[in-house]
Structures are given as structure tokens and as C-alpha cells.
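We did not get these values from a lab; they are worked out from the coordinates using the rules stated. All of these numbers come straight from a predicted model, not from anything done at the bench. Cβ placement follows ideal geometry from the backbone for every residue including glycine, while neighbour counts extend to all protein chains displayed.
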Amino acid sequence: MSYPPKNPLRIGLVGAGWVTQHHLPGWKRMADQARVVAIADPDAAAAQSRAAEFGIERVFDTAQRMFDEVELDAVDVAAPREFHAEVVRMAADKGIPVLCQKPLAPTLEQARELVADIAGRTRLMVHENWRFRPYYRDLGKCLRAGRIGDVVQAHLTLLSSGLIPDEEGRLPALVRQPFIGRLERALVMEILIHHIDTLRFLLGDLTLHHARLGHLSPAMKGEDRAFLSFETARQAPVSILSNLAVHGRPPAPLDQLTVIGTRGTAILDGATLRFMGAEPGEHTYDMPACYLQSYEAVIAHFVTCLRSGADFETSPQDNLRTLELVEAAYAAPRNPMEAA
């Protein structure tokens, strides 16, 4: 399915919430190729604020009104997950290509139904930005070039004190993103989904062999800790350890990833990526810049593929494989050490 090249592409944005503060600068950097011309959100004040800040001409209280009244070349869906499928179907009805924030839907079954429903009617790319962070792109290139040889083991940790009260009694994780506390599927579906997808990008498809999820914080409706064990296609073990209430860790956690190969080891420790063994080296990254660059890279990839007709890296079919692993984690037995 191809679309006539227009310059700039006219983009509609659905959602004016927290995450759009990162989407919109990414679109702004693509202004010569694509421009957000309309925004829709039932929160009129939030939509008007984003429109004023980023020079968006039209503001709507519903996505349907925006689709009906504005000629669009593509839409960026940044609404809460429970509205993703509905909005993507609206866009498909109009034949409008979609960039949709992860997850595609609250459950794997709903995501599969959505992908089947829109097949052949429009193009869809999942906005999964973690794998587009510069340090992961660099690591991916090095792994594919054989810098550490064949991968034999990998372990990722994401440990945070975000659910431990600060000096003012606040929970930093919920100050930053209050909605996480209301999610029935929290740590894995909202946060670790990024890491599962990134490990798939780095190491290839994975099979989940063990999962143990747990819940202790009364401020959380869903799980706040997890241990996941996977295996690569070549049977290399891969694990994720995560907990949002770890004393001695920062509230805003940084990824720590160790990848062990037959010729060397790659270690990502927050802002530093080190290689040891046959080809040693070290790279340091500007983390706030990397965060913004990941959004910019996703948007640039979406626009480039729309113009060229090339396949999206984070296609719905690829993302469903990530969601299958997420769903498998929720199907595993829960940790018996729950909060009273």
C-alpha cells in the first residue's frame, strides 16, 4: 500500500496527555516533511495548551470530529491504551496511516483482532521507542557485527525506589505518571514491554520459560515487581529483574544490561556502554538527549517509510510477538508474597 508524497504531510494527533510533550518536539524537528495540523482530546484545556505551545491550527474534542473535518495524511495516536483500537479503526475507515503508541490494545487478543480488522485498509506502525534509543541502536549494530561473538547469556535489571515515599511522603513514580497506579496490568505492560521489545531487537525472537510477578505497594493496583526468564532461538538464557520499591536505588531507574558473548562482553550501565574482550571500547551518552532522540527517531522512521513504501521496523506483526511474551508473563502464577 503506497501513498502519494506530499510535502509536508498533514498529521493529526490524538491525545494531549503527558507523553505528547515528547511526541510534539519530534514532529517539530520533521517540520519540513510533516506538520501536526490538528489535535484531538476530550480535555479541552490540555488540547488548547498543546496547540498554543506547538502552533497547531485545529483543536477537537473527539478524534472522530477531527477525522471528519480535517484532511489528514497520517495520524499519531497518543491516547490511553484503552482507546487505541477504537481510534486506529477510525483512521482505517478513512484510509489514514497510523503511528500508534504501545501497547496496541490492553490485551493480546484485542490487539490481534485489531490487526486483523485493519489489514489491507491502511498502514500501521507501533510507536515503540525504547529500541530507538541511541545506545541500543549502537549496541544492536555491534552485536550484529559480531563484536562480542555469539551471545551465550544476557541479563537486564530495572530497579527503582519510585514506590518508596520521599521526604515529603510522595511516591516519585506516581508523581511522574499517576495513571500507572490505576493500571491492573502495570509494570510489565506499561514499562517492561519496552525492555522485552528491545531485547527482541537486540537478540532476536525470545521464548518465555518462567515469570513471577508480584505486588506489594498499596498505591498500585497492578504488579510492581517482576522476574522474567527467556531463551533465544539459539537457547541462550535471557532474564529481566525489575522492582519499583528498591531501597538505595534512584526513583528514575536507568537500564543495566549485560550481554555475554563468546568473544567479549557488552555492559550498558545507565549512560555508559562498555565492551570488554576482543574489541574493547567505551561510549558515554547524554541520557536526556537520548530520551528525546528516541521519539524523534520513531517519527522520522514512520515518515520515511510512508514516503518510500518500506516496511515499518515496529510493524503490527512484529509488535504482536512482543505482546505474546507480555501476555505469557501475565498467565504465569502470581507471587504468593502479596500485600496484606
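Where the only charges are on Cβ atoms (+1 Lys, Arg; -1 Asp, Glu), what is the dipole of the chain about its Cα centre, to the nearest 20 debye?
Dipole magnitude for the chain comes out near 560 debye.
With r defined as the distance between the Cβ atoms of residue 22 and residue 168 and R0 fixed at 30 Å, what FRET efficiency is calculated, to the nearest 0.05?
0.70
On the Cα set of segment 202-340, report Rg and Dmax in Å, please.
Values for segment 202-340 (Cα only, Rg and Dmax): 18.2, 55 Å.
Under the definition of Cα pairs under 8 Å and six or more residues apart, what whole-number percent is the relative contact order of segment 186-288?
About 15 percent, as a whole number.
Note down the nm distance, to one decimal, between modelled labels 7 Å out along Cα→Cβ at residue 291 and at residue 112.
Taking the simple label geometry, residue 291 and residue 112 are separated by 3.6 nm.
Taking every DSSP beta bridge that has both residues in the chain, what percent is antiparallel when rounded to the nearest 5?
55
May I ask you to compute the full-extension gain from residue 209 to residue 311, defined as 0.36 nm times their residue separation minus their alpha-carbon distance, rounded to one decimal in nm?
Once the chain is fully extended between residue 209 and residue 311, it gains 33.7 nm.
Quickly work out the residue 138-to-residue 263 label distance, labels modelled 7 Å from Cα along the C-beta direction, and quote it in nm with one decimal.
1.9
Sort 64-71, 95-102 for me by packing, meaning the mean count of neighbouring Cβ atoms within 10 Å per residue, highest on top.
95-102, 64-71
For segment 88-196, which GluC sites (Glu not before Pro) are both in a DSSP coil and crowded by at most 13 other Cβ atoms within 10 Å?
Passing sites in segment 88-196 are 167, 168, 184.
What percent does the relative contact order of segment 1-53 come to when contacts are Cα pairs within less than 8 Å and at least six residues apart?
Contact order relative to length: 44 percent.
In debye, nearest 20, what is the charge dipole magnitude of segment 9-127 about its Cα centre with +1 on Lys and Arg Cβ and -1 on Asp and Glu Cβ, if you could check?
Its charge dipole is roughly 380 debye.
Looking at segment 1-60, which chymotrypsin sites (Phe, Trp or Tyr not before Pro) are in a loop (DSSP not H, G, I, E or B) and have at most 15 other Cβ atoms within 10 Å?
Qualifying residues, ordered by number: 18.
With the crude spin-label approximation of a point 7 Å out along Cα→Cβ, what separation in nm comes out for residue 43 versus residue 283?
Label-label distance for residue 43 and residue 283, simple model: 3.6 nm.
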